[in-house]
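**Q** Sending over a structure as structure tokens; questions will come in a sec.
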Amino acid sequence: MNPLSNQYHRRWLGWCVLVAGFFLVSLHRSSTAVLSEQLMRSFETTGTSLGLLHSSFFYLYAVFQIPAGLLTDRYGVRAIATAGTAVMSLGALAFGLAPTYALAFVG
């Protein structure tokens with residue numbers, strides 16, 4: 001077996017995992033808009049509060065750009081992509097299981 005072939009497949013696998021992660025990020029960003037009525041009912045909140053929840057994705061994205069770049073330079077793309085995907089997954093799980101607006105916001 002050619003070692004370069006194995007490395008080639010691992011790179012494609014890594015790329016596919018990152019694409020799937022990016023797809024999930026896009027899905028999570030738009031899900032609050034699609035589910036707005038159900039979320040307002042479930043959390044007994046207003047449209048303004050729900051708008052803040054929706055915009056928090058973009059605020060956090062902006063805040064973490066520089067630290068993510070510095071951490072990527074220090075620890076490498078694989079480690080930071082893995083850690084970021086794990087944190088995103090935990091946040092999505094916390095949001096999905098949150099019984100209150102405050103816990104959903106933290107998630």
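The values are calculated or read from the model by the stated rules, or taken from the named source; none is laboratory data. Not measured: the values here are computed from a predicted model. Note that each Cβ is placed from the backbone with ideal geometry, even for glycine, and that neighbours are counted across all protein chains shown. Please note that ligands, DNA and RNA were not included when accessible areas were found on the heavy atoms of the full protein model with its side chains. Shrake-Rupley method; radii C 1.70, N 1.55, O 1.52, S 1.80 Å.
**Q** Look at residue 82 and say whether it is open to solvent by less than 100 Å² (accessible area, probe 1.4 Å), at pLDDT 85 or above and outside any helix (DSSP H, G or I).
**A** no
**Q** Within region 59-70, does at least one residue satisfy the condition of being farther than 16 Å from residue 91 by Cβ, touching a helix residue (DSSP H, G or I) at 6+ places or on another chain (Cβ under 7 Å) and assigned to a helix (DSSP H, G or I)? If you could, list the steps in order and put the result at the bottom.
**A** Narrowing region 59-70 to residues farther than 16 Å from residue 91 by Cβ: 62, 65-67, 69-70.
With touching a helix residue (DSSP H, G or I) at 6+ places or on another chain (Cβ under 7 Å) added as a condition, the list becomes none.
Checked against the condition, which is being farther than 16 Å from residue 91 by Cβ, touching a helix residue (DSSP H, G or I) at 6+ places or on another chain (Cβ under 7 Å) and assigned to a helix (DSSP H, G or I), region 59-70 yields no hits at all.
**Q** Which one of these is over 16 Å from residue 106 (Cα atoms), free of Cβ contacts under 8 Å to residues at least 12 places away in the same chain and part of a helix (DSSP H, G or I): 27, 18? Give the derivation first.
**A** Working: 18 fails: free of Cβ contacts under 8 Å to residues at least 12 places away in the same chain.
Exactly one residue qualifies, and that residue is 27.
**Q** Taking residue 73 as meeting all but one of (1) under 20 Å from residue 98 (Cα atoms); (2) open to solvent by 90 Å² or more (accessible area, probe 1.4 Å), write down the number of the exception.
**A** It fails just one condition, (1).
**Q** Conditions: (1) open to solvent by 80 Å² or more (accessible area, probe 1.4 Å); (2) at pLDDT 90 or above. Residue 60 meets all but one. Number of the miss?
**A** (2)
**Q** Within 14 Å of the chain's Cα centre (by Cα), surrounded by fewer than 15 Cβ atoms within 10 Å (Cβ to Cβ) and polar (S, T, N, Q), is that true of residue 65?
**A** Values: within 14 Å of the chain's Cα centre (by Cα): yes; surrounded by fewer than 15 Cβ atoms within 10 Å (Cβ to Cβ): yes; polar (S, T, N, Q): yes.
Against the criterion (within 14 Å of the chain's Cα centre (by Cα), surrounded by fewer than 15 Cβ atoms within 10 Å (Cβ to Cβ) and polar (S, T, N, Q)), residue 65 qualifies.
**Q** If you go through region 37-51 one residue at a time, how many are in a helix (DSSP H, G or I) and over 19 Å from the mean Cα position of the chain (by Cα)?
**A** Of the residues in region 37-51, 9 are in a helix (DSSP H, G or I) and over 19 Å from the mean Cα position of the chain (by Cα).
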